[in-house]
Amino acid sequence: MKCFVTGASGFVGSNLVHELVARGHRVKALVRPESDVRGLSGLPIEFVHGNVLDRKLLEKEIEGCGWCFHVAASYHLWMRNYAPMYEVNVEGTRNVLEAAGKVGCLRIIHTSTVGCIGSPKAVNGKITPSTELERMPNDQLNNDYKRSKWRAEDVAVTLVRKRGLPIIIVNPSAPVGPRDAKPTPTGQLIVDFLNRKLPAYLDTGLNWVHVRDVAVGHILAAEKGSIGERYILGNKDGNWTMKEMLLALQEISGVRAPQVKIPYWVAYRAAEFNEKISYLTRRPPRVPLAGVRMARYKMWFNPAKAIRELGLPQTPPKQALADAVEWFRANGYVKK
């Protein structure tokens, strides 16, 4: 199949392109002119230079492709001005999905996030991981990244319902693994740990999943997914507290895990102070307020639907972390 991939130089996008090529698919990769494309080096793919705001370019380049994977997104937990992020994540999504529908793509895969699914509820002290059916309450749309992605997902749902476009939504949890070049906030957490720049931690939780499984999940969604449905791309054994994740990193890397747990209110006040300084220095805060707000909830999810309907692979989370550590060390992110 000939495939068009936006965000092809990013963490999930580059791993998706590698998996598509390994399966014999042809790939047209949309990258911005300034993008770091080392993660795609040596692959037999066609590069398209541009961005998701260029509607005419999208229609021209997507034509003739059977599958379109819209992976591109602006992922920032702090910006001085969030308008460009909304433009890319919302209007860029509309451009890509409508262009792919107009030129007749058979399947259009929209990459959302578990941040668009309601966080799990605790009953009698026990947390039940969320499924795709858990609605997002307004109080959990507590930062601009989540709000922009939620609006983007709403665009996708509306285009299915009103125009019948063959869109399938995937919601990755917290992917880790190789080719996290930027790195992402979760990748940066691992880098900081390895460089001994993580003196303490918050009592939170994430669903950790190998980025390769997320990439394969995109392809399986195109092959087997039902139009209009969404699928959590996570790991059934990946719901770990932050302390559990850090202890796993300690075992993998030999670096001692931090022992100090910060109270939520202390982290919140520190993040507020950090952001005030950032507005003056124009440098991103060390502790973004959006990250602290998200950490208030244990973001644990149940990927049973994707496992059952798509056959989503389930690489052990510890292996995902080990592969991330190996890649960061091999590519100069860790000080010797």
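The values are calculated or read from the model by the stated rules, or taken from the named source; none is laboratory data. What you see is a predicted model, and the numbers here were worked out from it, not measured in a lab. When we count neighbours, we look across all protein chains shown, and the Cβ atoms used for this are built from the backbone with ideal geometry, even at glycine.
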Meets criteria (touching a strand residue (DSSP E or B) at 6+ places or on another chain (Cβ under 9 Å), over 30 Å from E153 (Cα atoms) and not β-branched (V, I, T)) for A222 | no
Take the residues of the range 290-326 that are assigned to a helix (DSSP H, G or I), under 18 Å from the mean Cα position of the chain (by Cα) and not small (G, A, S): which is farthest from K261 (Cα to Cα)?
-> D323
Counting only residues that are among the hydrophobic types (A, V, I, L, M, F, W, C) and either part of a loop (DSSP other than H, G, I, E, B) or more than 26 Å from the chain's Cα centre (by Cα) (or both), the range 227-242 contains a total of 1
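Among the residues of the range 109-130, write down those that are within 21 Å of the chain's Cα centre (by Cα) and either of a type in the set (D, E, K, R) or more than 18 Å from V31 (Cα to Cα) (or both). Even if it seems obvious, please write down each step before you answer.
Initial filter on the range 109-130 (within 21 Å of the chain's Cα centre (by Cα)): 109-120, 129-130.
Passing the criteria: S112, T113, V114, G115, C116, I117, G118, S119, P120, P129, S130.
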Got at least one residue in the range 238-261 being surrounded by fewer than 24 Cβ atoms within 10 Å (Cβ to Cβ), closer than 30 Å to V157 by Cβ, at pLDDT 95 or above and not hydrophobic (A, V, I, L, M, F, W, C)?
-> yes
Residue that is farthest from the chain's Cα centre (by Cα), among those in the range 243-289 that are in a loop (DSSP other than H, G, I, E, B) and over 24 Å from P317 (Cβ atoms) | P263
Would a scan of the range 189-210 turn up a residue that is closer than 26 Å to Y86 by Cα, under 18 Å from the mean Cα position of the chain (by Cα) and surrounded by fewer than 24 Cβ atoms within 10 Å (Cβ to Cβ)?
-> yes
Would you point out which residue out of T113, T128 is in contact with a helix residue (DSSP H, G or I) (Cβ under 8 Å, 6 or more places away or on another chain) and of a type in the set (S, T, N, Q)?
-> T113
Residues of the range 106-132 being surrounded by 19 or more Cβ atoms within 10 Å (Cβ to Cβ), without any contact (Cβ under 8 Å) to a residue 60 or more places away in the chain and in contact with a Ser or Thr (Cβ under 9 Å, 6 or more places away or on another chain), in sequence order, are T113
From the options G64, G42, residue that is among the small types (G, A, S), assigned to a loop (DSSP other than H, G, I, E, B), at positive phi and in contact (Cβ under 8 Å) with a residue 24 or more places away in the chain | G64
What strands (runs of 3 or more DSSP E) lie completely within the range 100-168 and have 2 or more residues being under 30 Å from E61 (Cβ atoms) and not charged (D, E, K, R)?
-> 107-111
V209 meets each of (1) closer than 24 Å to A271 by Cα; (2) among the β-branched types (V, I, T); (3) not in a helix (DSSP H, G or I) with one exception, condition (1)
What is the number of the single condition among (1) closer than 26 Å to I232 by Cβ; (2) of a type outside the set (F, W, Y); (3) modelled with pLDDT under 95 that N81 does not meet?
-> (1)
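Please work out if R196 is out of contact with any His (no Cβ under 8 Å at 6 or more places or on another chain), in a loop (DSSP other than H, G, I, E, B) and closer than 30 Å to E275 by Cα.
Yes: the conditions hold for R196.
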Do you know which of the residues in the range 93-105 that are surrounded by 18 or more Cβ atoms within 10 Å (Cβ to Cβ) and without any contact (Cβ under 8 Å) to a residue 60 or more places away in the chain is nearest to W300 (Cα to Cα)?
-> N95
